[in-house]
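The values are calculated or read from the model by the stated rules, or taken from the named source; none is laboratory data. Quick caveat: nothing in here was measured; it's all calculated off a predicted structure. Reconstructed Cβ throughout: ideal geometry from the backbone, glycine too, with neighbour counts over all protein chains shown.
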Amino acid sequence: MTALEQNITNYFGVMSQDSLQVITSRFHSETLKKGDYFLKAGKPCNKLSFIKSGLLRVYKQTEDKEVTQWISTPGYFLTDLSSLLFESPARWNIEALTDAELFTISGADYKSIGTIVPNWHELEKLFIAKCFTFLEDRVFTHLSMTAEERYLHFFEYNKELFNQVPLQYIASMLGMTPETFSRIRNKQLSSTS
């Protein structure tokens with residue numbers, strides 16, 4: 001089973017080999033260079049991608065700052081789900097932080113799967129429920145943990161990112177200023193040395 005097939009199964013659920021092949025056949029390879037945009041806010045998002053390699057930042061520009069919503073890593077799907085499903089303008093900018101390899105399906109092909117794969121609507125509902133649960137967990141983390149606890153929790157599961165992306169992006173994603181992030185980071189580094 002390819003990485004794409006495995007991740008489709010992990011996110012959408014178990015399906016027949018025929019259904020899996022129908023879905024994967026609609027994906028094509030796409031590469032982005034560091035600094036390229038997968039999506040710009042205000043434009044329609046007409047694709048869903050699985051990240052094979054590379055890092056991409058999901059962010060929004062406000063009046064006075066950029067707010068990083070997420071840093072996507074290999075093994076995850078990437079899109080502006082609201083824009084893809086409701087054909088509304090994208091809310092997010094998605095930029096490659098490194099060179100990236102993606103498997104991408106167009107919005108039209110994604111929407112056509114329901115007419116080809118018998119239980120697609122159940123599988124898609126499972127995928128969206130997983131996305132929603134993930135977001136609920138992130139909201140709860142932000143509401144229930146202190147800045148230091150958020151830092152430690154994120155660091156525990158994403159150590160490698162601290163050496164791969166600008167730290168101000170991680171600080172923003174964790175809902176803290178770069179100064180607070182640096183203070184917590186310095187405290188953690190001094191306690192481990």
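Residue count for region 37-49 under the criterion of being surrounded by fewer than 22 Cβ atoms within 10 Å (Cβ to Cβ) and touching a Pro at 6+ places or on another chain (Cβ under 9 Å): the result is 4. When the test is whether a residue is in contact with a strand residue (DSSP E or B) (Cβ under 7 Å, 6 or more places away or on another chain), in contact (Cβ under 8 Å) with a residue 40 or more places away in the chain and among the aliphatic types (A, V, I, L, M), I128 does not pass it.
For region 155-172, residues that are buried (at least 17 other Cβ atoms within 10 Å of the Cβ) and either touching a helix residue (DSSP H, G or I) at 6+ places or on another chain (Cβ under 8 Å) or hydroxyl-bearing (S, T, Y) (or both) total 5. Looking only at region 72-106, how many residues end up being assigned to a helix (DSSP H, G or I) and under 12 Å from the mean Cα position of the chain (by Cα)? Of the residues in that region, 1 qualify.
Considering each residue of region 53-71, count those that are within 12 Å of the chain's Cα centre (by Cα) and part of a strand (DSSP E or B), and give that number. Before you say what the answer is, go through the steps one by one.
If we filter region 53-71 for residues that are within 12 Å of the chain's Cα centre (by Cα), which is where we start, we get 54-59, 68-71.
Checking which are part of a strand (DSSP E or B) leaves us with 56-59, 68-71.
Qualifying residue count for the region: 8.
Taken over region 113-141, the residue count meeting the criterion of being under 19 Å from I71 (Cα atoms), surrounded by 11 or more Cβ atoms within 10 Å (Cβ to Cβ) and of a type outside the set (A, V, I, L, M, F, W, C) is 3.
Residues to consider are K34, K60, K65; find the one that is surrounded by fewer than 13 Cβ atoms within 10 Å (Cβ to Cβ), under 18 Å from S172 (Cβ atoms) and not aromatic (F, W, Y). Lay out the reasoning, then the answer.
Details: K34 fails: under 18 Å from S172 (Cβ atoms); K60 fails: surrounded by fewer than 13 Cβ atoms within 10 Å (Cβ to Cβ).
Result of the check over K34, K60, K65: K65.
Per this entry, L97 is not counted among residues that are among the hydrophobic types (A, V, I, L, M, F, W, C), surrounded by 13 or more Cβ atoms within 10 Å (Cβ to Cβ) and closer than 23 Å to Q6 by Cβ. Do we have any residue at all in region 43-64 that's of a type in the set (G, A, S) and closer than 16 Å to F127 by Cα? Yes, some residue in region 43-64 is of a type in the set (G, A, S) and closer than 16 Å to F127 by Cα.
Yes/no per residue for (1) of a type in the set (S, T, N, Q); (2) under 25 Å from L32 (Cα atoms):
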{"site": "N93", "(1), (2)": "yes, yes"}
{"site": "V117", "(1), (2)": "no, no"}
{"site": "E124", "(1), (2)": "no, no"}
{"site": "T133", "(1), (2)": "yes, no"}
{"site": "E148", "(1), (2)": "no, no"}
{"site": "L174", "(1), (2)": "no, no"}
{"site": "E179", "(1), (2)": "no, no"}
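Among the residues that make up region 144-159, is at least one of them at pLDDT 90 or above and within 27 Å of S83 (Cα to Cα)? For region 144-159, residues at pLDDT 90 or above and within 27 Å of S83 (Cα to Cα): absent.
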